[in-house]
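> Mind having a look at this structure? Questions to follow.
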Amino acid sequence: MKLRYLAQAAIVGAAAVLVGCAPGATPATPNAAQQSVPVSKGGSGTRVPAGTIWDLFGIGKDANAGLEVNRYLWNASLDVLNFLPIESVDPFTGVIVYGYGLPPGGGTAYRGTVYISSPALDARSLNVALQTRSGPVSADTRRAVEDAILSRARQLRIAGGR
């Protein structure tokens, strides 16, 4: 039992020594503001000292940096599948989840998920999953919906003046 407590104390002591020897662990200096980095872009101005243990965990980095979806595909997906109720959306990852709904003039209820994987306006950026109450739809139906979304996205782009 005593050996266990000694081992724990040694580990805690070693960790304290390593943290104390970190490059940013020196006592505060008059120019300490120059040794800190902002936590987020345009945030509240909170600063974290550079070279701390928090750098190992990625704390202070903008989690949404670099995540982009094509706005024309996003809006076209909302336009084409407007007969379906929206259950959830995540514009950062490009996922739109729809609930069950009836298309105009149809008798079968559908639900779907749209995933926009990149900012490019092409077919590889768009993935659509459709389902009825009895299971997944045919590949032709899914492809027809994808084509309708891509066509609408191109129309929106042309109307946008690009």
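The numbers here are math on the coordinates, done by the rules we state, and not lab data. No experiment lies behind these values; they were computed from the predicted model shown. Note that each Cβ is placed from the backbone with ideal geometry, even for glycine, and that neighbours are counted across all protein chains shown.
> For region 65-162, which GluC sites (Glu not before Pro) are both in a DSSP coil and crowded by at most 16 other Cβ atoms within 10 Å?
Those that pass, being in a loop and sparsely packed, are 68.
> Using label points projected 7 Å from each Cα along Cα→Cβ, tell me how many nm separate residue 131 and residue 87, to one decimal.
Between residue 131 and residue 87, the simple spin-label model gives 0.7 nm.
> Where does the charge balance sit around residue 70 when Lys and Arg score +1, Asp and Glu -1, over other residues with C-beta under 10 Å from its C-beta?
0
> Continuing with the same structure: Can you give the local net charge around residue 131? Use residues other than it whose beta-carbon is closer than 11 angstrom to its beta-carbon, Lys and Arg +1, Asp and Glu -1.
Taking every other residue near residue 131 into account, the sum is +3.
> Hey, got the dipole for region 86-160? About the Cα centre, +1 on K and R Cβ, -1 on D and E Cβ, debye to the nearest 20?
Charge dipole of region 86-160: 100 debye, to the nearest 20.
> In the neighborhood of residue 116, defined by Cβ-to-Cβ distances under 12 Å, what is the net charge if each Lys or Arg adds +1 and each Asp or Glu adds -1?
Charge balance in the 12 Å sphere: -2.
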